[in-house]
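Please read the structure below before turning to the comments.
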Amino acid sequence: MRYLLLMVLATVMVCGGCSRVLSIEDGGTDTDTDTDVDTDTDTDTDTDTDTDTGPIECNMGEYSGDFTIDSQLDVATLAGYTSISEDLVVKCSSCTNLNELLCLTSVGEGLNISGNTALTHLNGLSSINSVGEELWIYYNPALTAVDGLSSINSVGRELWIYYNEDLTNVDGLSALTTVGRELSIYENTALTNLDGLSALTSVDEGLFIGHNHALTNLDGLNALTSVGEGLYINDNDALTNLIGLSALTSVGEHLYIQGNDALTNLDGLSGITSVDGKLVISDNDTLTNLDSLSGITSVGGALGIGYNVSLHDCEACDLLDQLTSGPTAIYVHDNLDDTCTPVPTNCP
């Protein structure tokens, strides 16, 4: 009997464990009451989210050579540099800001800001005070202002502002005093004024202002006294006057006023006494007089006055009569039918 009891207990001990495994495999419920729990209290929640927003230290000195920014990561790469020896090209379709460039104070050669479809401002460039050669700002469809350029006082060669369709003003260029060669402001369809250029006193070569269809005046150029080569103002549909050029006394080469449909007079050009090259006034539909050209006594090249449908030919002939030198050729045609008689003999 004792032997039989021992055998039963042994069977229960062995098969009890077997029964538990089988019941789990068969979809039964594990009734194991093992209460062993992991008591590890490690609460490390590091998710690698470095949020250091401390100031950038301007201790990297000069970056030697050219640098092109075509990603936001490239902007961060330049953080801390105070100058670039050659060209800086900002051509980044995904960049939304240039804030990490705040240490830059100069660009040795060209600063090219183009093809930035998401960039709305240039605030990260606010420490730059000089650009050695070219400053080009073009094809930036979301750019509404250039306030980040407010420290630039000189551009060694060309300043081009082209095809920035949302740009409404150039107030950010308020410190600019000189442009070494050309200043071109073209095809900025939302640009209404040039007030930001109020410190500009000279353009050593050409000044081109064209196809800015919302531009109503040139008042921002009221400190400009000389243009070394040519002054070209063309196809600004809303431009009503040139009064902003009233300080201008010298145009070194050519003077072209063309295709400005709302321009009724040339007030603002009365300080000009000579044009060394060509003088062309054409295709200004509402222009009625040339009274403000009364100070011009010499034209070194050809004189062309045509296709001004509201301007009498006699206005052109009066201008010819006041010249004491030149022109080399005369083209006066397709203006408003002339009522002046007799037509001066030097008017073809």
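Would you tally the net charge around residue 211, using a Cβ to Cβ cut-off of less than 11 Å, leaving residue 211 out, and scoring K and R as +1, D and E as -1?
That works out to -3.
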**Fill in**
For segment 215-306, the Cα-Cα pair-distance distribution in 10 Å bins from 0, as whole percents, is 18, 56, 26, 0
**Message:** Please report, in whole Å³, the volume per residue of the convex hull around the C-alpha atoms of segment 161-221.
**Reply:** 65 Å³
**Request:** Using a 1.4 angstrom probe, figure out how much accessible area segment 109-260 has per residue, in square angstrom, rounded to the nearest whole.
**Result:** 31 Å²
**Asked** How many percent of the accessible area of segment 157-255 is carbon or sulfur, using a 1.4 Å probe?
**Response** 45 percent
**Asked** Can you give me the relative contact order of segment 135-191 as a percent, contacts being Cα pairs under 8 Å and 6 or more apart?
**Response** 42 percent
**Request:** Excluding residue 171 itself, calculate the net charge of residues whose Cβ lies under 14 Å from the Cβ of residue 171, where each Lys or Arg counts +1 and each Asp or Glu counts -1.
**Result:** -3
**Alpha-carbon Rg/Rh ratio, for segment 173-267, with Rh computed the Kirkwood way** = 0.92
**Asked** Largest first, what is the accessible-area ranking of 237, 276 with a 1.4 Å probe?
**Response** 276, 237
**Prompt:** Looking at 184, 115, 151, which one has the Cα that reaches farthest to the positive end of the dipole of segment 106-222 (charges on Cβ: Lys, Arg +1; Asp, Glu -1)?
**Reply:** 151
**Long-range Cα-Cα pairs in segment 58-169 (distance over 17 Å), rounded percent** = 47 percent
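The values are calculated or read from the model by the stated rules, or taken from the named source; none is laboratory data. Given the structure is predicted, the values throughout are model-derived calculations rather than measurements. All Cβ positions, glycine included, derive from the backbone under ideal geometry; neighbour counts span all protein chains shown. These accessible areas exclude ligands, DNA and RNA; they are computed on the full protein's heavy atoms, side chains included. Shrake-Rupley method; radii C 1.70, N 1.55, O 1.52, S 1.80 Å.
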